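Novice: Let me begin by handing over the structure; questions about it come next.
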Amino acid sequence: MNQQQENQEKGIYNDRGETRPMRAGDCEIAKLDRCGDTKTIWNPDNEDEVANAKRTFDDLRKKGYLAFRVIGKDGDQGEQMNEFDPRAGRMIMIPQMRGG
Amino acid sequence: MVYYLGTGGTNVYYADPWSVWNSTGTGTVGSVWYAWNTLTSGTNATANQVWQAWQTYVTASTIADPWSTWNGDSCRPELRACPPPPPLTREQLEARERHLRECNARCAAERVARQEAEARAEALLLRELDEHQREEYRREKAFTVRLPDGKRYRIKKGWAGNVERLEARRIAILQEEAPSLVANDREYRAVERFCIHPAEQLPEQDNMLAQLLLLKANEAEFRRIANITRLQA
């Protein structure tokens, strides 16, 4: 089994470990990392994808990542999330911050 | 401040560093400067003649004469006469070339990966900025964040110490009654600088996005984590 087939088995569609391309109505977690970001995409009506996204969210939270719902532009109050919301729309997760 | 605790004796040297360094006394422990700088004679004093040993050509003593040894004027020719290395075998030459090729390929791949990561991070950052901020970023590699309470922060491209809080200059406040002269962003000055970044290495554009998100969602937490430098008024 080659790498591409192996990734397909795991539901991964590219070498960054992303699950699949974005479609209308999908939700997304963008995790900031060394390669820019890695996206986890799910359809809120698909239980398997929701479970996978929740697992990703919880794993990252355990590692100290902070989650933000991307709801608006400059001047809007951003929203920090502590619990997974399957209908959150777009979220960005950032590694723990520290003082320099 | 030097505290002089007495007029003589061993205790004075321990309590009075300048005296210890500078004294021309005969005490060997206490007379550090004296020992370094003074040409003394006698068997017991040679260990203390550090300066003399470093700068003087001493034919009798090779260990105590490092300057001469380093400078090629040594009386130990075996140290200077290193034989030339043997020529590399064909296998060694091929191995060296192969190693260089692999290093170059790895460096090139890392460079491409880094450029791709930065491009990806920049695309995500630009997606989260409004039109005005995008324009600022394209022009200056920095953008201004206006919080609902009116506070302004400036995030510059960088990793640490790249966030500043801005306040309007006095002249801008005085001009509030003349709308045509009201300040734009350039008439604000930085009053605080913040050093805060993710705990793991990311492209700088990702760092800017992380700073932006935390600042907008939880300014108090941002300020609690950051090291803050107050800048001169």
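Novice: Averaged over its residues, how many other protein chain Cβ atoms are within 10 Å of peptide B:147-157's Cβ atoms?
Specialist: Details: counts 4, 3, 1, 1, 0, 0, 0, 0, 0, 0, 0.
Going residue by residue through B:147-157 and averaging, the value is 1.
Novice: Which of the peptides B:89-96, B:197-204 is most tightly packed, and how do the rest follow, going by the mean number of other Cβ atoms within 10 Å of each residue?
Specialist: Final packing ranking: B:197-204, B:89-96.
Novice: Sticking with this structure for a sec: Sorted from fewest to most neighbouring beta carbons within 10 Å, what does the list B:Leu124, B:Leu100 look like? Display every interim value, and only then the final one.
Specialist: Values: B:Leu124 20, B:Leu100 10.
The fewest-first ordering by Cβ neighbours comes to B:Leu100, B:Leu124.
Novice: Continuing with this model, one more query. Using 1/(1 + (r/R0)^6) with R0 = 35 angstrom and r between the beta carbons of A:Asn46 and B:Arg224, what's the FRET efficiency to the nearest 0.05?
Specialist: On the way: r = 39 Å, r/R0 = 1.11.
E(calc), rounded to 0.05, equals 0.35.
Novice: With a ≥ b ≥ c taken as the square roots of the eigenvalues of the C-alpha gyration tensor of the range A:25-94, please select rounded if a/c is under 1.5 and otherwise prolate if a/b is larger than b/c or oblate if it is not? Please report the intermediate quantities before stating the final value.
Specialist: Working: a/c = 1.55, a/b = 1.19, b/c = 1.30.
Cα axes put the range A:25-94 in the oblate bin.
Novice: What list do you get for A:Met81, A:Met91 if you sort them by fewest beta carbons within 10 Å? Please list the in-between numbers first.
Specialist: Details: A:Met81 16, A:Met91 22.
The order, fewest Cβ neighbours first, is A:Met81, A:Met91.
Bear in mind that the values in this text are calculations on the coordinates, not laboratory data. Keep in mind that this is a model prediction, so the values were computed, not measured. Neighbour counts are summed over all protein chains in view; Cβ atoms, including those assigned to glycine, are modelled from backbone coordinates with ideal geometry.
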